Each structure stands twice: as C-alpha cells, then as structure tokens.
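Single-structure report; data block below.
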Amino acid sequence: MCASETPHFTVDELAKLCNGRLAGSARHASKIVRGISSLEEASEDQITWLAEKRLMNKLADCRAAAVIGTEAVVGTNERGLVVADPELAVAQILEGFYVPDAAPEPGIHPSAIVHPSAKLGTNAAVGALSIVGEGAVVGDDTVIHEGVSIGKNVRIGAGTVIFDRCVIYDRCEIGNNVRIHSGVIIGADGFGYIFRDNRHRKLMHLGTVVIEDEVEIGANSCIDRGKLGATRVGRGSKIDNLVMIAHNVHVGPNCIIIAQCGLAGSCKLGEGVMLAGHVGVVQGVTIGPGAQLAAKAVATSNVPAGANFSGYPAQDHKTELRNTARIRKLPQLFDKVAELEKRVAELAGSADH
C-alpha cells in the first residue's frame, strides 16, 4: 500500500489481505484498486462483491477490477477473487481502506482541564475543551476527543475512543477498546419518581454504569445509572444510534441493539440477543440468550432463549404473521357477515321459510 492518506492496493494484495484466490490472470492481479463499492456502482479502480449466484447476470455490466465471492459464484470469472466467507472478506478489505478519523495528539490540549488527581495512561490524548474530573483514570492509548466531560472517579480502560461532546457522569466504568460516538450520555439518573403530597418525588440513583470491553455505542444514545448497583453492558455488545437503556438494565455479551430501541428499568438481555429497530422492552422483562425481536416489537413478558418474536405484544413471529393476515381480512369478513344477516332477515320474513 502506498503511504498516502488514501490507501490503495493491487488486486493481488487484496487477495492476500482476505486469504483469497485469484481466478483470473496475472494481468488482473496487478490492477490498482482505490476503493470498494456495490456491484452496480463500482468503477474500474474499485473492488466489489457478489453474495448470491442468482445475481451472476449482473457481472456483465459490472466494471469493477475484481469481484469477491465463493468458488460457486466467481470461481470461473477472470475478475473473481474466490473466498470461503465473502462477508468476512469484505470486512477485512473495508479495514484495509479505512482511514481513521483525525484524533487529538497524545497528551493534554492546552484548552482542556484535567484535575491534578486524575491519572492518564501512556499515549492517552485529551482533546480541546474536554474535562477530566477529580480522581478519574484514563488508560493507555485512550483518545478523548473535543468537548468531552469525564466525571469524578470515572474509570476508562486502554485503547478506548470517546468522540466529541460525550458526557460520562461520576463513578462510571468504561472498559478496554470501547468506542463511544458523539453525544452519548452515560450515567445520568434513571427516570424514577413516586407520587406523594400531590407532587412527583424524585428517587435518588446511587448506582453506576459499567461498560465492558469492546462495546460500541452509537451517537446520541443514553445509558442511565442504576438506582442501586450497576446498569451493565456486556463485553462485545454493539449499540446503534438513539438507543435508550434505563436504570439497572443488564445487557449480556455480544448483543446487537439497533437504532431507537428503548429498554425500561431492570430488564435483562441474555448473550447474543438481537433487537431490531424501534423495539421496546418493558420493565423487568428478561430476553433469553440468542433471542431475536423484529422491528417495532414490544416485549411485555419474558422471551425464551432462541425465540424469534415480533409484534405488539411480542409473540412468536409465525403466530404474529398469521394473526396479522387474519386482521387484514376483517373488512371482507364484516362484509360477509352483513350479507349473511341480510339473507337471514329475508328468510325470516318470507312466508314459507
């Protein structure tokens, strides 16, 4: 790869990067590739992929320098780059072309405020106008971008990146190699009140938030602190933008939570749970390991491990589809009932019924 800001590779170099085999000639192996794009949009200096055999007819109009796919799909194409796992190969090539966002240099920006008792690890960076509070600990190689607020006694591990305008409240814990995107709020009070003397009396939240290693949190998401104990996000879980996680929620390892989901207080997600967009989970509900909830589903009761649920209230997906189909037939059913009522009335009024 050329040591320039925009990386580029030969097709042969990309094949080695993803452990692939070139199906074509040496002429194709030496072609320069400057990016990756879709099958329809790829230009002559880009690489693309073909996941399904049924789309092979599109190769004739594709201009890409190389096409990633399995042996069955691209094994006989002169531009084919044969791999066992096309999705993994695309991920590896995307990493090759990735240019990291501009980050603050290691050290403390002159406009940043770092409390004298705070501890910064080797090569840690604190960007402009950021604040690191009393007793906070920031690990080696961690990068805090511009305008971030790190509270009192916060613990942040090594290799973590916190982007602009995030707020980490006091006493929260962030693990190693965590990635927190702009506008995320971690550790705000949970939404807890009791109604007494004609007013809402606030319940103080004394707990914290623990974000384990290798978690990614999307922009403008919020994770509230526990009332007692910790709100916890398990190792390797990935959270999209605009997700709300309430007090004392426990998210297991390797979960996927897609945009605009809302998790009410004290609910629990087992390992590998997947929540599609705009899913709601009611307070105290448990979602079993490996369960999946379709977009806009609302879990009002516990979901078994490995289940595939949808709808409101969430239920087995096949059952939900059948019920939805029946509901759509209701207008026709009403018409049939009205017709039957009319015929019954006519029969009842006839002389020889």
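Taking the options 157, 96, 175, name whichever one is touching a residue at least 40 places away in the same chain (Cβ under 8 Å) and under 30 Å from residue 72 (Cβ atoms).
96
Quick check on segment 173-182. Is at least one of its residues under 25 Å from the mean Cα position of the chain (by Cα) and closer than 23 Å to residue 110 by Cβ? There is at least one residue in segment 173-182 that is under 25 Å from the mean Cα position of the chain (by Cα) and closer than 23 Å to residue 110 by Cβ.
Selection of segment 254-305 for residues being farther than 22 Å from residue 214 by Cα and of a type in the set (S, T, N, Q) yields 266, 283, 286, 300, 301, 302.
Here segment 295-313 is the region considered, the condition is being touching an Asp or Glu at 6+ places or on another chain (Cβ under 8 Å) and part of a loop (DSSP other than H, G, I, E, B), and the residue that is nearest to residue 241 (Cα to Cα) is 311. For segment 38-88, filtered to residues that are acidic (Asp, Glu), at pLDDT 90 or above and more than 16 Å from residue 14 (Cα to Cα), the residue that is surrounded by the most Cβ atoms within 10 Å (Cβ to Cβ) is 71.
Conditions tested, residue by residue: (1) aromatic (Phe, Trp, Tyr); (2) assigned by TED's automatic domain parsing to the domain that holds residue 45; (3) in a strand (DSSP E or B).
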position: 63; (1), (2), (3): no, yes, no
position: 81; (1), (2), (3): no, yes, yes
position: 93; (1), (2), (3): no, yes, no
position: 116; (1), (2), (3): no, no, no
position: 123; (1), (2), (3): no, no, no
position: 158; (1), (2), (3): no, no, no
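The values are calculated or read from the model by the stated rules, or taken from the named source; none is laboratory data. For clarity, every value in this text was computed on a predicted model and none was experimentally measured. Cβ sites come from the backbone with ideal geometry, for glycine too, and all protein chains shown count toward neighbours.
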